[in-house]
Structures are given as C-alpha cells and as structure tokens.
Amino acid sequence: MATEQDPESGWMREPEAEENGSVLPASSVTVPPSDELPTAPASPAQPGSRYSHLLVDYDGSVLPFLGGLGTYQRRLVLLTWIPALFLAFSQFSDFFMLDQPDKWCKANGSLPGRKSPLHPENDSSPAPEVMLLLPPTQLPITPSPGTFPHNNDSCLCHEWTYQIHAGLVQNVVSKWDLVCDSSWKVHIAKFSLVVGLIFGYLITGCIADWIGRRLVLLFSVIFNLIFGLSVALSVNVTMFSTLRFFEGFCLAGIFLCLYALRIELCPPGHRFMITMVASFIGMAGQFLLPGLAALCRDWQILQAVIICPFILMLSYWYIFPESLRWLMATMQFDASKKQILQTIHKNRVNTESDIKGVMPELERELTRRSKKVCIVKVVGTRNLWKNILVLCVNSLTGYGIHHCFAKSLMDPEVNMNMMHNFYANYFAMAGITLASCLAMCPVVGFLGRRGGLLLFMILTALASLLQLGLLNLIGKYTLRPETGMSETVKNKFSIIFSIIGMFSSHAVGSLSVFFCAEITPTVIRCGGLGLVLASAGFGMLTAPIMELHNQKGYFLHHVIFACCTLICIICILLLPESKNQSLPENIPHGEHYTRQPLLPHKKGEQPLLLTNSELKDYSGLHDSVAMGDGVSENTTVNGIKST
C-alpha cells in the first residue's frame with residue numbers, strides 16, 4: 001500500500017495482509033494500492049484470506065460514508081458526557097463521608113469550636129480520589145503533633161461529640177466513632193474503594209473487548225445501583241468498606257466503557273476536544289458537590305442522592321448502540337450492517353454517496369466469523385507492549401507523585417492558615433486541576449500528544465527535584481542568621497513548587513490515559529486502557545497507605561517518584577505521535593504505529609536506523625520479513641525517507 005506521512009504529527013503505515021493478530025503465510029498475495037483494489041476480495045472461506053481494506057480503514061472510509069460526526073453521533077457523544085457529572089459526585093464523595101472531624105469528650109464539657117486537651121486531631125482528612133482523568137485531588141492527613149492517637153491519654157473517653165468540617169451533620173467517622181484505636185478503619189475504607197477500582201479496570205477492560213462495550217456498561221450500571229444503594233444501608237464500617245470495594249469495581253466499568261465509546265465515536269480531529277469536555281463536566285460536579293452535601297446533611301442521604309441518577313443510564317440499553325468501530329474491527333459484519341443502516345437513516349445520508357463502495361464490500365464479507373482478541377495478545381508484539389508499558393509507568397508516576405505535592409502544600413510547617421480550612425483545601429485543589437485542564441488544551445493542540453506529555457513530565461520532574469534539593473539547601477541557610485534567609489522564604493518556595501507539581505502531574509496522568517486510548521488498537525482498547533488506569537490506581541493507592549503509616553517514609557516516597565519522572569522523560573521519546581492519526585483497528589495496525597523524531601532530519605542526512613527490509617519481527621506475529629506492505633526499501637521505521 002502507499003505510505004502516508006503527516007508533517008504535523010506521527011506517521012503510520014498500513015499493515016500487511018493480516019487480521020487482528022493473525023497473519024497470512026509468507027506466500028500470501030501482495031495487496032495492491034488502495035486505488036487499484038479489486039472489487040471482489042478473496043473468498044471468506046479460504047483459510048488466511050483477509051477482508052477489504054475499506055472495512056479496516058474506519059476513519060478514512062466508513063466514518064465519512066456515515067456522515068462524519070453527524071447529528072446521530074453528536075447525540076451519542078452527549079450521552080457519554082452526561083454521566084461524567086454523576087461519576088464526579090461518586091468520585092469526590094469520600095472527601096465528605098470520610099472527613100476526620102474535630103472531637104471532644106462529652107464528659108469534659110468543652111464547648112464546640114474550642115480546642116480542648118481531648119482534641120488531639122484537628123485536621124481534615126479527605127479521601128483520595130476515586131475516578132481517573134479527573135483531578136487527583138488527594139488531601140493528605142495533617143500529622144498529629146505527637147504520636148498515634150491511641151497512645152495519647154486524650155483517647156480515654158467513652159462518648160464523643162463531633163464537629164464535621166464538610167457540611168454534613170453526620171458522616172461515617174462520627175457514626176461509628178472511627179477515632180483513636182479505630183482510626184485505621186477510615187484509611188481501610190479509602191483503601192478498599194481504590195482497590196475496587198484497580199480490579200474493576202483490569203477485569204471489565206478485558207470483558208469489554210470480548211463481549212462489547214454496551215453490555216459491560218449495562219451490567220456495571222445495574223450492579224453499581226445495587227452496591228451503591230447498599231452502601232447507604234451499611235450497619236458497620238466493615239460492611240461499608242466491603243460494599244465500597246464492589247461499588248468502585250462497578251464505577252470503573254462505567255468510566256472505562258464511556259471513555260472508550262467516546263473515543264471510538266469521533267473522527268481524528270475531535271477526539272481530544274470531546275474528551276476534555278467530559279473532563280470539564282466532571283469538574284463541574286466537583287464544584288457542585290459541597291452544595292449537594294450541605295443540602296443532604298447526612299452521609300447516607302448523600303450516598304443515595306449520588307447513586308440514584310445512575311437509574312437514568314438504564315435507558316442506554318435502548319438508545320445507545322454498540323460501538324460500530326469495535327464491531328467492524330472484530331469482523332461482526334452482520335451486526336455492523338444493521339447499525340450502519342440505522343446510522344445512515346438517522347443522519348439522512350444518501351446511500352448513493354458511497355463512492356468507495358463500503359456497502360458492497362460489507363455484503364461480500366457477511367459470512368465471516370468474528371475474530372475477538374484479548375489484551376494478552378500484546379505480549380507477542382514488538383512495539384505495542386512497549387508503548388503501553390511506557391504509558392503505564394507515566395500514569396503511575398503522575399498520580400503517585402501528586403500526593404507528594406499535595407502533602408507538601410498542606411504541611412503544617414508551611415504557614416498558610418487559609419489552607420487549614422476544609423473548603424479552602426477542596427476548592428484550591430479543584431482550581432489547580434481546572435487550570436491544568438485549561439492549559440492542556442492549547443499545549444496538546446500545539447505540541448501534540450507526545451510533546452505535551454513530555455513538557456508536563458519535565459515540569460513535574462523540575463518541581464520535584466527543586467523541592468527536594470533547593471529547599472534542603474535553603475533550609476541549611478536559614479540556620480545561619482548572616483545569610484538573611486528566613487523560614488518564610490523556604491515556605492513560599494515550597495508552596496510554589498507544590499502548586500506547579502500538582503498542576504503538571506495531573507496533566508501527565510490525564511494525557512497518559514488519553515494517549516493510550518489513541519494508540520491501542522480497537523480490538524484491545526478497553527484492555528489497554530484498563531492497564532493504564534489500573535497503574536494510575538496503584539499510584540493513588542500510595543496516599544491512603546502513607547496516611548495509614550502516619551506519613552512515615554514520606555521523603556523516600558517522594559525521592560522514588562522523582563527518580564521515576566526522570567526515567568519517564570526518556571521513555572516518552574520512544575512513543576509515536578497520534579495527533580490527527582486514524583485509530584489503529586487491529587494489532588498489526590497498532591504494531592505499525594511508528595514514531596517520528598522530535599527534530600526532523602536534515603536533507604541528505606542518513607538516519608542511523610535499520611531499513612524496513614532489514615528488520616525481522618521476532619515477536620511471533622510474523623514468521624518472515626515484513627513484505628508487501630507497500631513501504632519502499634529506503635523508508636526507515638520512523639517514517640523518514642533516506643536519500
């Protein structure tokens with residue numbers, strides 16, 4: 001096939017004659033260029049035959065025939081946006097339900113608002129975030145001035161009175177007295193939700209690639225309603241934590257399927273914009289949640305109000321179709337034909353506009369058996385597994401180091417009285433996240449996916465290294481009066497680096513997941529997304545673990561993630577650029593996604609890379625030299641032609 005090179009973005013060449021990870025023998029007939037394609041492809045009954053390139057080229061052939069991003073597709077995109085508001089409510093509910101309140105012993109007779117000796121913990125302990133791609137606003141616990149609460153005489157009390165900061169009259173902590181000896185159960189409740197998300201992303205991602213996005217979405221919604229409403233009826237903290245695990249599992253399925261459907265509906269030029277709109281709707285939910293909590297007053301009512309809107313998503317079974325792109329990629333042509341006819345009818349597209357002959361080709365391929373692929377197939381690839389692994393490490397680092405910056409910003413040694421207020425903390429984090437998303441739009445539009453990810457990772461690394469190194473140096477000078485350095489200078493630098501770090505690390509996490517959705521083939525897109533989102537979940541898991549250990553080992557935690565940022569900067573250079581590129585449909589498509597150098601080669605310069613004819617694929621996908629793919633001998637693996 002003819003090769004195409006995008007001057008602004010990456011370069012991708014067409015795969016050889018193969019389907020969803022299964023290739024033809026070496027003796028297969030070479031496929032002619034697209035403009036010379038014969039009208040009748042090889043018979044579906046012949047072993048090893050491939051189907052027409054028109055059906056593989058979804059963005060170039062099928063989507064234009066359907067009317068592009070027509071009225072019907074826009075309605076479907078809108079339906080993927082609306083649940084982002086409900087997901088944001090569930091995401092940030094832990095901030096309110098598990099907030100650590102002020103407490104005093106009733107026998108002591110202290111007045112509300114007065115700090116008594118029996119009040120060792122005067123901190124706000126919000127939970128880590130639940131969903132990904134939305135702001136990782138993890139507010140860490142302020143360390144107690146002494147040791148653990150249960151070692152303090154102030155815990156010798158049988159009945160407590162609480163003052164909750166988060167707008168509720170009663171939450172989980174106050175209902176079951178999760179203080180002193182029982183305070184660790186709060187962290188387990190946060191821990192269980194994140195672990196549920198991790199398992200949910202991994203398992204539902206694989207299932208969605210096998211049985212479809214629509215069915216997984218429906219079952220996730222049904223079970224989320226069951227477990228979510230059961231959480232509101234919990235009789236003890238053990239039941240609460242267990243049900244929150246299953247609620248997180250179902251929330252992961254909803255988020256993952258909606259994200260994949262949103263990506264697969266859009267043409268190349270609209271994918272990032274449509275994804276960012278969903279993020280902004282989620283942030284609107286974050287800003288609205290404090291008002292909702294103030295109206296509900298009780299955590300059980302708040303939980304029920306948050307879950308009930310998901311009932312509306314049950315109607316998606318009737319109004320939301322299966323992903324047509326996934327049906328075509330897995331060769332379910334009978335179901336694809338019905339959906340194409342439905343889309344053409346709703347978009348009022350004239351069938352005579354089918355210049356490329358998509359429908360005749362589809363008719364010829366109706367007898368084919370479907371070909372579904374599991375994410376495990378990536379293990380046998382040469383390039384695809386490396387791309388997914390790099391993005392997994394990026395998302396792990398971005399969400400993991402975010403807690404380090406949040407902890408530094410809320411450090412009680414940093415004299416910021418305003419930040420000790422619950423709502424000041426909450427809205428400060430939301431504001432930083434909003435600024436990060438706003439900055440991502442022009443940066444990614446100008447630099448592309450890879451350039452934007454590299455820029456934000458460099459900012460994260462600089463903020464982290466300066467906070468660890470420069471502040472240490474300033475701290476030494478503050479001990480010498482003749483230098484003129486004061487503790488105030490150190491605190492100001494710490495605040496600046498923390499804000500920059502939170503700003504950039506959120507962008508790193510979000511872009512890593514979006515990047516994975518674009519470069520992972522359709523047949524395993526949900527599985528690839530599940531791996532990257534689960535990696536981000538492991539990064540988020542460090543927050544409740546650090547809180548559970550009373551922030552012991554925090555400095556080492558920060559140092560490890562700072563080193564990871566340096567590794568990620570190097571690895572990002574190995575990724576391809578997906579801006580304005582068609583989504584890969586099968587594993588060979590994804591395998592042939594190649595990278596473009598950040599700096600173009602000068603004219604006459606010979607790239608120091610093997611040519612395509614010299615490359616042997618040892619991955620198991622190919623048994624011979626990649627031939628017949630239409631790439632000339634003087635074309636290198638990065639898409640630059642040598643002279």
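The values are calculated or read from the model by the stated rules, or taken from the named source; none is laboratory data. Remember, it's a predicted structure, so these values are computed and weren't measured experimentally. Positions of Cβ are backbone-derived with ideal geometry, glycine not excepted, and every protein chain shown enters the neighbour counts. Ligands, DNA and RNA are excluded from the accessible area calculation, which covers all protein heavy atoms including side chains. Shrake-Rupley method; radii C 1.70, N 1.55, O 1.52, S 1.80 Å.
Conditions (1) open to solvent by 20 Å² or more (accessible area, probe 1.4 Å); (2) in a helix (DSSP H, G or I); (3) not aliphatic (A, V, I, L, M), marked per residue:
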site	(1), (2), (3)
G60	yes, yes, yes
L63	no, yes, no
G67	yes, no, yes
R75	yes, yes, yes
T80	no, yes, yes
L85	yes, yes, no
S90	no, yes, yes
F95	no, yes, yes
D99	no, no, yes
Quick check: anything in the range 531-538 over 19 Å from the mean Cα position of the chain (by Cα), farther than 14 Å from G400 by Cα and open to solvent by 20 Å² or more (accessible area, probe 1.4 Å)? no
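Using the structure shown, decide if S220 is in contact with a strand residue (DSSP E or B) (Cβ under 7 Å, 6 or more places away or on another chain) and either of a type in the set (G, A, S) or at pLDDT below 85 (or both).
In short, no.
For the range 559-572, state whether one or more residues are out of contact with any strand residue (DSSP E or B) (no Cβ under 9 Å at 6 or more places or on another chain) and at pLDDT below 85. Break it down stepwise before answering.
First, pick out the residues of the range 559-572 that are out of contact with any strand residue (DSSP E or B) (no Cβ under 9 Å at 6 or more places or on another chain): 559-572.
Among the residues that remain, those that are also at pLDDT below 85 are: none.
No, because not a single residue in the range 559-572 is out of contact with any strand residue (DSSP E or B) (no Cβ under 9 Å at 6 or more places or on another chain) and at pLDDT below 85.
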Taking the range 490-514, which residues are of a type in the set (V, I, T) and in contact with a Gly (Cβ under 6 Å, 6 or more places away or on another chain)? V508
Scan of the range 169-184 for residues that are surrounded by fewer than 22 Cβ atoms within 10 Å (Cβ to Cβ), more than 21 Å from L541 (Cβ to Cβ) and not charged (D, E, K, R), ordered by number: V169, Q170, S174, W176, C180, S182
Hits in the range 499-525 - residues which are open to solvent by 10 Å² or more (accessible area, probe 1.4 Å) and among the aliphatic types (A, V, I, L, M): I499, I500
The condition from (1) more than 30 Å from T351 (Cα to Cα); (2) in contact (Cβ under 8 Å) with a residue 12 or more places away in the chain that L295 misses is numbered (2)
Please note which helices (runs of 4 or more DSSP H) are completely contained in the range 221-325 and include at least 2 residues that are open to solvent by less than 30 Å² (accessible area, probe 1.4 Å). 237-265, 271-296, 299-307
Pair list, Cβ < 8 Å and 6+ apart or interchain, from the range 204-215 residues that are closer than 13 Å to E322 by Cα to residues that are assigned to a helix (DSSP H, G or I) and open to solvent by 60 Å² or more (accessible area, probe 1.4 Å): R214/W317
Quick one: would you say P588 is under 23 Å from D94 (Cβ atoms), open to solvent by less than 10 Å² (accessible area, probe 1.4 Å) and at pLDDT below 90? no
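Residue-by-condition table, conditions (1) surrounded by 17 or more Cβ atoms within 10 Å (Cβ to Cβ); (2) modelled with pLDDT of 80 or more; (3) closer than 30 Å to T330 by Cβ:
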site	(1), (2), (3)
I141	yes, no, no
P145	no, no, no
P149	yes, no, no
H158	no, no, no
V186	yes, yes, no
K190	yes, yes, no
G196	yes, yes, yes
